[in-house]
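The values are calculated or read from the model by the stated rules, or taken from the named source; none is laboratory data. The structure displayed is predicted, hence computed values, not measured ones. Note that each Cβ is placed from the backbone with ideal geometry, even for glycine, and that neighbours are counted across all protein chains shown. Each accessible area value is taken on the protein alone, full model and side chains, heavy atoms only, with ligands, DNA and RNA left out. Shrake-Rupley method; radii C 1.70, N 1.55, O 1.52, S 1.80 Å.
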Amino acid sequence: MITYNKEKRIFKLDTKNTTYMMGVVDDEGFLGHVYYGNRITDDGVDYLLRIFEMPYVPSQNSRDRGSFLDTFPTEYAGSFVGDFREGSIKVRDKNGHEAVQLTYKSHEIMSGKPKLKGLPATFPGDDAIETLAVKLADDTLNLEAVLYYSVFEKEDCIVRSITVKNKDSEPVHLTKIMSMTMDMDSEDFELLTLYGSWARERQIDIRPLGYGKTGIGSFRGESSHQFNPFMALVDKNSTQDLGRVYGFSFVYSGNFTAQVEKSQFDSLRVMMGISPECFDFELKKDEEFVAPEVVMTFSNEGLGRMTRNYHDMYRQHLIRSPYKDRMRPVLINNWEATYFDFDTEKLLAIAREAKAVGIEMLVMDDGWFGRRSDDNSSLGDWWVNEDKLKGGLKYLVDEVNKIGLKFGIWMEPEMISPDSDLYREHPDWAIALPDRTPTRSRNQFVLDLSRPEVVDYVYNCISSVLKSANIEYLKWDMNRQITDPGSLYLGRENQGELSHRYVLAVYELQERLVRDFPELLLENCSGGGARFDPGMLYYSPQIWCSDDTDAIERLKIQEGTSLVYPLSSMGAHVSDCPNHTVGRTTPFKTRGDVALLGTFGYELDVTRIPAEDVNMIPAQIENYHRFSDLVRQGDYYRLASYSENRQYDCVQIVSKDKSESIVVFVQVTGRPNYHSRNLRLKGLDPKRIYKVEAENEEVATLHGDTLMNAGLMIANPWGDNVSILIWLRS
Ligand code: GLA
């Protein structure tokens, strides 16, 4: 998978269909990016580095060293010594200077993949993985860096990260560290990113790349609703099946930057890493900074192939939970059913009715602890409110278990309400800037997780709750973003470490949790889907996708989410209508079919919804049981996008052995006076014969090649927001 051409000093990394190359040039050992794209054969293509033309390399033309540095396709760019494009790394050294220039020293090719200390990261699993470690150094600063490249052959992914070590006797401040940069020739690429807000997360945005810098990021303390830590460079006019696509996905849950810079010579510098905003990390002698990793993939078959690469990669090499290979229990969550207005009796009534229709787990959401009767108090006071839950938590859980349901609970452990016993006792535990009125958001503050005793307090709260009763699922929420980045614990020189230390502490907490409670089903959440990122998937197999449960809004949210993340990770529930977020009314069936493409559950008061809806639940659950393995493990194909065509949406999942497939078709707006629609299916075995059922009725028996080329006819449905579920078996 990894070779080194000694004579030309070129590294070549091959996956099944792609090649990544870089090379070392000149006496000083500048590391340059050579190539990334379709797999190629030759291993010495140094001409792509353009060092045989003006301005040549510095040893041959020292008067134009500046031009060399400013045009060389660098693999990891320095700052302020000649390259005027944005650098990958910046420091503040003992003299107060910011310059860095890293050059090649040595390399090592190893089997396996080293762990990243304290960080979530992809792992080899059952596959043989090779890693290239390239050691670079800045001799003036006494700074060492190692660039890591792990090759995941089958999934066509290359994973990059970097560690930096201070070898100097004086401390140095790291003020910027990108996890990857890559310089490549600009062609007609566009930038695809996922933007959004609360209740409309991960919408797809595509924009042209002009000269200068184009990018996204977050400095909200979490990956955010607003931008997901992902970007792709896509050929203009590329489709699901056609065009070159470069994907970059950041395995991190905090502040990030993802940027492309187009230079005067039409080259692109792609970079991704922790946002340099509010970032300043002190490294004393021999201290090391480990940067999170970026998972890159290249597809020559449009966005669809990129998606399938990421789904396979994250399912096999990132999600660790034992639940990744299990059918998740069908849950009912009481948030939209009751909000804060519940007690033991109400929950038990929901549980009884839920059991009768086949639901498997009750999740008690926000409002069960402290004195919380709305969202103004009690975060941090994680003891049960016995006024609401008469008899306590254990009594409730036991009763729910007796009814025959599992029990799950909601917590928001990183937070502290100003109106809480915890805050009255430890006001210094909140993140705040001294002498400034701290900014409230949802009337709450964020705990300073850089302080070890706070981390212990939080962990003890969670573990005591989980141990107090038979709790099998935890929804871990995070409902406000971080402002006023000040810590009363960290020193003056270390205030810029808060955001990253915060994220590391969240990881540490979740690591402890999954270690101590290996059978717990953990679902991450952040005001809906503000922390839907690869970092969190390392700890929880599923993440709540959005507070917007409207089936039609979900088409767009789930489209953007599933562009990168597997359906097995996408929290999706059927809720009541008119929908609480948009006021839209959609058929109960459509709500069920759309939720089927995620983890599936209910978010409604089953004792109060119309009888005809209740009556549909058993059949929906039967569908979920029937299709869960397929949805969780299959290959994803997008046949049509409502966000693009404004009429209908269509997703197909095909089992890995191609013996089975489902298609979920949703007509959002009815079409007057039209003939039937022809759906050309994808991913089937051309030679096999498939029996096709639509809504449990056999509609065709055809070969895969016929279904993929001639297509499958869908009679024009009557009405808006109507869905059709199609099942193919061979
Ligand atoms: C967030 C979550 C919701 C619900 C509420 C409770 O918004 O996304 O699902 O848990 O918090 O306050």
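Among W429, F256, L13, flag the residue with its Cα farthest along the positive direction of the charge dipole of the chain, charges on Cβ as +1 for Lys/Arg and -1 for Asp/Glu.
L13
Using the crude model of +1 on Lys and Arg Cβ and -1 on Asp and Glu Cβ, and no other charge, please compute the dipole size for region 493-577 relative to its Cα centre, in debye to 20.
Dipole magnitude for region 493-577 comes out near 160 debye.
Starting from the eigenvalues of the Cα gyration tensor, five times each then square-rooted, give me the equivalent ellipsoid semi-axes of region 364-459, largest first, whole Å. Provide the component values of the computation, followed by the final result.
On the way: eigenvalues 175, 37, 22 Å².
Each semi-axis is the square root of five times an eigenvalue, giving 30, 14, 11 Å.
For region 422-431, what does the Karplus curve 6.51 cos²θ - 1.76 cosθ + 1.60, with θ = phi - 60°, yield as ³J(HN,Hα) per residue in whole Hz, taken in order and with x for Gly and Pro?
4, 6, 4, 7, 10, x, 6, 7, 8, 5
Need one number: convex hull volume per residue for region 573-730, Cα atoms only, in Å³. Intermediate results must be reported in sequence, preceding the final value.
Numbers: hull volume 18.4 nm³, N = 158.
Output value, Cα hull per residue: 116 Å³.
Starting from the Cα of D343, step 7 Å along the direction of its Cβ; do the same at R584; then give the gap between the two resulting points in nm.
Computed distance between label sites D343 and R584 equals 3.8 nm.
Counting only the backbone N, which residues of region 239-269 are under 16 Å from the spot 7 Å out from the Cα of S67 toward its beta-carbon?
Under cut-off, by backbone N: 264-266.
Please work out how much length the chain gains when fully extended from M54 to L242, using 0.36 nm per residue of separation minus the C-alpha to C-alpha distance, in nm with one decimal.
Working: separation 188, 0.36 × 188 = 67.68 nm, distance 3.64 nm.
Additional length available on full extension: 64.0 nm.
Can you list the aspartates and glutamates whose alpha carbon is less than 12 Å from that of K658, not counting same-chain residues fewer than 8 positions off?
D635, D685
Going by alpha carbons, how many degrees (0 to 90, nearest 10) lie between the helix axis of 452-467 and the longest principal axis of the chain?
Helix 452-467 and the main axis of the chain meet at about 30 degrees.
On a 0 to 90 degree scale, rounded to 10, what angle separates helix 551-562 from the longest Cα axis of the chain?
Between the helix axis and the principal axis of the chain, the angle is about 30 degrees.
Given +1 on the Cβ of Lys and Arg, -1 on the Cβ of Asp and Glu, and no further charges, what dipole in debye does region 39-179 carry about its Cα centre, rounded to the nearest 20? Write down the numbers at each step before the final one.
On the way: 18 positive and 23 negative charges, 106 e Å.
Roughly 500 debye for region 39-179.
Taking the Cα atoms of region 177-311, report the difference between the largest and smallest coordinate on each principal axis, in whole Å and largest first.
Computed over region 177-311, the largest-to-smallest principal extents equal 49, 41, 26 Å.
Compactness ratio of the chain: Cα Rg over 2.2 N^0.38 Å, N = residue count? Intermediate results must be reported in sequence, preceding the final value.
On the way: Rg = 26.6 Å, N = 730, 2.2 N^0.38 = 26.9 Å.
It is 0.99.
For a paramagnetic label modelled at 7 Å from the Cα of N470 toward its Cβ, which residues of region 293-331 fall within the zone defined by backbone nitrogen distances under 15 Å?
Label zone hits: none.
Could you give the distance between the Cα centres of region 544-604 and region 656-722, to the whole Å?
Result: 22 Å between the Cα centres.
Kindly report the accessible area of the chain per residue (heavy atoms of protein chains, probe 1.4 Å, no ligands, DNA or RNA), in Å². Intermediate results must be reported in sequence, preceding the final value.
Numbers: 26950 Å² over 730 residues.
Value for the chain: 37 Å² per residue.
To the nearest 500 deg cm²/dmol, what mean residue ellipticity at 222 nm is calculated for the chain from DSSP H runs of n ≥ 4 alone, each contributing -39,500 (n - 2.57), summed and divided by the residues? Each step should come with its number before you reach the end.
Numbers: 14 runs with 150 residues, N = 730.
Result for the chain, helices only: -6000 deg cm²/dmol.
Output the 0 to 90 degree angle, nearest 10, between the alpha-carbon long axis of helix 392-403 and the longest principal axis computed from the alpha carbons of the chain.
70
Take every Cα pair under 8 Å in the chain that's 6+ residues apart, average their separations, divide by the length, and report that relative contact order as a whole percent.
On the way: 1801 pairs, mean separation 72.5, N = 730.
Worked out over the chain, it gives 10 percent.
If you take the beta carbon distance between V81 and E453 as r and set R0 to 35 Å, what does 1/(1 + (r/R0)^6) give as a FRET efficiency, to the nearest 0.05? Display every interim value, and only then the final one.
Numbers: r = 43 Å, r/R0 = 1.24.
It comes to 0.20.
About the Cα centre of the chain, what is the dipole size in debye to 20, counting +1 per Lys and Arg Cβ and -1 per Asp and Glu Cβ, all else neutral?
Working: 84 positive and 111 negative charges, 211 e Å.
So the dipole magnitude of the chain works out to roughly 1020 debye.
From the backbone phi of region 265-270, what are the Karplus-calculated ³J(HN,Hα) couplings (6.51 cos²θ - 1.76 cosθ + 1.60, θ = phi - 60°) in whole Hz, Gly and Pro given as x?
Couplings: 9, 6, 10, 10, 10, 9 Hz.
Mind grabbing the accessible area of R85 for me, 1.4 Å probe, Å², rounded to tens?
Ignoring ligands and nucleic acids, R85 comes out at about 20 Å².
Using Cα pairs closer than 8 Å and at least 6 residues apart in sequence, work out the relative contact order for region 200-279, in percent.
Values: 135 pairs, mean separation 26.0, N = 80.
Once divided by the residue count of region 200-279, the mean separation gives 32 percent.
In nm, to one decimal, how far is the modelled label at K284 from the one at E698, with both set 7 Å along Cα→Cβ?
Placing both labels 7 Å beyond Cα along the Cβ direction yields 7.6 nm.
Which order do F80, F30 take by accessible area at a 1.4 Å probe, largest first? Walk me through the numbers on the way to the answer.
Working: F80 125, F30 5 Å².
Listed by decreasing accessible area, they come as F80, F30.
Work from the charge dipole of region 547-689 (Cβ charges, +1 for Lys and Arg, -1 for Asp and Glu, about the Cα centre) and give the residue of G601, V666, G583 farthest towards its positive end.
Checking the options against the dipole of region 547-689, the answer is V666.
Taking the simple approach of a point 7 Å from Cα along Cα-to-Cβ for both N376 and D126, what is their distance in nm?
According to this spin-label approximation, the distance is 5.6 nm.
Quick one: if you take sqrt(5λ) for each eigenvalue of the C-alpha gyration tensor of region 63-164, what semi-axes come out, biggest first, whole angstrom?
Values: eigenvalues 179, 50, 27 Å².
For region 63-164, the semi-axes come out at 30, 16, 12 Å.
Evaluate E = 1/(1 + (r/R0)^6) for E644 and K94, where r is the Cβ-Cβ distance and R0 equals 60 Å; express this FRET efficiency to the nearest 0.05.
Values: r = 55 Å, r/R0 = 0.91.
Rounded to the nearest 0.05, the efficiency is 0.65.
Normalised by the number of residues in region 538-683, what is the relative contact order in percent for Cα pairs under 8 Å and 6+ residues apart?
Details: 210 pairs, mean separation 26.4, N = 146.
Once normalised by length, the contact order is 18 percent.
How large is the accessible surface of R531 in square angstrom, using a 1.4 angstrom probe and rounding to the nearest 10?
Only protein atoms counted, so the area is about 10 Å².
Given a 1.4 angstrom probe, I'd like the percentage of the accessible area of the chain that is carbon and sulfur, rounded to a whole number.
Details: 12780 of 26950 Å².
Here it works out to 47 percent.
Ordering F219, F407 by how much accessible area each has at a 1.4 Å probe, largest first, what is the list?
Values: F219 120, F407 0 Å².
Of F219, F407, the descending order of accessible area is F219, F407.
Amide H to amide H under 5 Å from A77: which residues, 5+ apart in sequence or cross-chain, H placed 1.01 Å off N in plane?
S88
Identify all lysines with a Cα-Cα distance to K117 below 24 Å; exclude those on the same chain that are fewer than 8 residues away in sequence.
K90, K105, K135, K165, K167, K176, K284, K285, K324
Between E28 and A611, how high is the FRET efficiency from 1/(1 + (r/R0)^6) when r is the Cβ-Cβ distance and R₀ = 56 Å? Nearest 0.05.
Working: r = 78 Å, r/R0 = 1.39.
After rounding to 0.05, the efficiency reads 0.10.
Under 5 Å between amide hydrogens, which residues at least 5 positions from G273 or on another chain qualify, with H placed 1.01 Å from N in the peptide plane?
Here S179, T257 satisfy the definition.
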